[in-house]
Amino acid sequence: MAKVILERLRKVYPNDVVGVDDATFEVADGELLVLVGPSGCGKSTLLRMIAGLESITSGTLRIGDRVVNDVPPKDRDIAMVFQSYALYPHMTVAENLGFALKLRGHDKAAVAARVREAAAVLELDALLARKPAALSGGQRQRVALGRALVRHPQVFLLDEPLSNLDAKLRGGMRVEIARLHRQLGATMVYVTHDQIEAMTLGQRIVVLRDGRIQQIDTPMALYERP
Ligand code: ADP
Ligand code: ADP
């Protein structure tokens with residue numbers, strides 16, 4: 001696993017909108033850090049810069065001990081989970097889980113082993129032959145998590161992964177993600193606009209407002225002096 005270090009990260013979009021300004025913080029090895037704030041505060045911009053899906057205007061981004069500002073997404077050793085699950089509708093769960101590894105040239109046996117492992121962790125074993133259309137929202141979200149899991153990334157980036165689920169499922173998936181985090185000991189950066197989700201899930205919370213960091217603290221400290 002690896003830490004993620006942001007030093008004065010800034011993103012100015014081509015239309016001169018400042019998406020993120022002067023973001024400096026460190027995600028510790030194995031930490032689950034939550035980025036929270038209202039819509040438009042820069043959460044996605046920040047996460048997408050860490051993922052390499054958005055260019056960095058200025059500042060330095062390190063993953064592990066490497067500066068990755070100019071490293072393409074596929075070489076960053078990260079996996080991202082989106083709110084739209086982005087599953088392939090024509091593929092089975094097993095094929096969805098294995099696809100990224102197959103693309104990367106892993107052989108059949110290795111892909112199958114990783115798919116079995118992820119399916120076991122996420123309790124998807126009984127669903128491997130199904131297509132996404134035959135899954136519930138919660139099951140689809142578990143497959144989306146599984147697709148990140150099979151890659152054994154150093155860092156997981158989660159962009160509002162539960163926002164498409166109804167309130168009841170969301171609680172269950174939150175517990176699932178916390179369990180996964182403990183079990184894997186993985187470094188995770190988790191974006192949400194939901195304060196309750198942030199407070200229950202985050203080991204530390206970064207509060208963003210208008211592209212700037214307003215506060216970085218543990219849930220307990222934020223609760224005591226919000
Ligand atoms: P959040 O994820 O917190 O909702 P975003 O990171 O999406 O916030 O957006 C931060 C700011 O950057 C907003 O003002 C938004 O309008 C702007 N923004 C986001 N993406 C783009 C883009 N591709 N081009 C121009 N402005 C953008
Ligand atoms: P490749 O680069 O071999 O095509 P992927 O298909 O896994 O590998 O994806 C390329 C990049 O797309 C990743 O490195 C990552 O930045 C981004 N990505 C975001 N979310 C995911 C995801 N859930 N699964 C795979 N890749 C993702």
Can you name every residue in the stretch 198-223 that is more than 26 Å from Gly172 (Cα to Cα) and part of a helix (DSSP H, G or I)? none
Among what's in the stretch 182-201 and is touching a Leu at 6+ places or on another chain (Cβ under 6 Å) and within 16 Å of ligand 1 (Cβ to nearest atom), pick the residue that is farthest from Ala2 (Cα to Cα). Val191
Top-ranked residue in the stretch 172-195 [being among the aliphatic types (A, V, I, L, M) and over 21 Å from Leu46 (Cβ atoms); ranked as surrounded by the fewest Cβ atoms within 10 Å (Cβ to Cβ)]: Val175
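Every residue in the stretch 89-114 that is open to solvent by 80 Å² or more (accessible area, probe 1.4 Å) and touching a helix residue (DSSP H, G or I) at 6+ places or on another chain (Cβ under 6 Å), please.
Selection gives Pro89, Lys102.
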Quick one: Pro73 ticks every box in (1) at pLDDT below 95; (2) buried (at least 21 other Cβ atoms within 10 Å of the Cβ) except a single one, so which number is it? (2)
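Here's the yes/no breakdown for (1) open to solvent by 20 Å² or more (accessible area, probe 1.4 Å); (2) touching a Leu at 6+ places or on another chain (Cβ under 7 Å); (3) within 16 Å of ligand 2 (Cβ to nearest atom):
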residue	(1), (2), (3)
Asp21	yes, no, no
Val27	no, yes, no
Gly42	no, yes, no
Thr45	no, no, yes
Met49	no, yes, yes
Thr57	yes, no, no
Thr60	yes, no, no
Asp77	yes, no, yes
Met80	yes, yes, yes
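The values are calculated or read from the model by the stated rules, or taken from the named source; none is laboratory data. All figures in this text were calculated on a predicted structure; none of them were measured in a lab. Backbone-built Cβ (ideal geometry, glycine too); neighbour counts: all protein chains shown. Please note that ligands, DNA and RNA were not included when accessible areas were found on the heavy atoms of the full protein model with its side chains. Shrake-Rupley method; radii C 1.70, N 1.55, O 1.52, S 1.80 Å.
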